[in-house]
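As structure tokens, the structure follows; a few thoughts come after it.
The values are calculated or read from the model by the stated rules, or taken from the named source; none is laboratory data. Remember, predicted model here, so these are calculated numbers, not experimental data. Counting neighbours? That spans all protein chains shown, and the Cβs are built from the backbone with ideal geometry, glycine included. Surface areas here come from the heavy atoms of the whole protein model, side chains and all, with no ligands, DNA or RNA. Shrake-Rupley method; radii C 1.70, N 1.55, O 1.52, S 1.80 Å.
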Amino acid sequence: MANFKTLLSIAIAFFTTFLFSSFVNATYYQNISPSFLGFKQEKLTHIHFFLHDIVTGPKPTVVISSESPLNGKSKSPLPFGAIVVLEDPLTVGPELESNQIGKAQGFYLTVSQDAVLELELVMGMTFAFTEGKYNGSTLSVLGRNTIGAPVREMPIIGGTGEFRFARGYIQAKTHSVDYHKGDAHVEYNVYVFHYPSTSGSEEIFADGSQFTTEPMMGKI
């Protein structure tokens, strides 16, 4: 009788452990479709704007947060190991006074040990949009930027709001540089796959300029 009770206790304990383990494993994760989160068709969108890297003036948009150990020993304007923090305005046109549609917030590091004028950077930044249909949404970028190249490409690693599950790439092209002051104005073309909640459109401003947000899936 004692043996029977012992065996029964062991069986109950084993069965309880099995059920608990199955329950935990069953609810740990599950495969779902995009529609479960309210998403419909994934779209490819092109966004075009200009970024302004302002070093001079009463309110610079970039600051050196950490000097390089090679500062004063290198011929490079931003020696290897320097860290720069940025909050650059994004506008629809190449002029700084153009309509602002957001800002880029992030950092870049100088990663080349060569003492050259044409810097090699690793950039991490988030485009935070403040106008139009993407107001409140963000895109995040992390990649290598060789600023001497005519066109630089960096990957999109994620997004929020209208850009949830974002993936794609950006192309940066220098529009103009004031080598005396250090100010730079850069043209950006963004190509991003995402699950938007609404269809694409263009924001048209009073001066006739456009903030392009054009779905491209039907054009490729």
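One chain, two ends: H48 and L142. Fully extended at 0.36 nm per residue, the span grows by 32.0 nm beyond their Cα-Cα distance.
What's the extension gain from E187 to H175 if we count 0.36 nm per residue and subtract their Cα-Cα distance?
Separation in residues times 0.36 nm, less the Cα-Cα distance, equals 3.7 nm.
Karplus-derived 3J(HN,Hα) values for the range 48-58, using 6.51 cos²θ - 1.76 cosθ + 1.60 with θ = phi - 60°, are 10, 7, 10, 10, 10, 9, 9, 9, 9, x, x Hz; glycine and proline are entered as x.
Between K40 and E118, the modelled label-to-label distance comes to 4.6 nm, taking each label 7 Å out from Cα in the direction of the beta carbon.
Roll a 1.4 angstrom probe over the protein heavy atoms and tell me the percent of accessible area of the range 101-187 that is carbon or sulfur.
Details: 2210 of 4350 Å².
Carbon plus sulfur share of accessible area: 51 percent.
Amide H contacts under 5 Å for G159: S140, F165, A166, restricted to partners 5 or more places along the chain or on a different chain, H placed in the peptide plane at 1.01 Å from N. A simple spin-label model places pseudo-atoms 7 Å from Cα toward Cβ; at F107 and V63 they are separated by 1.4 nm.
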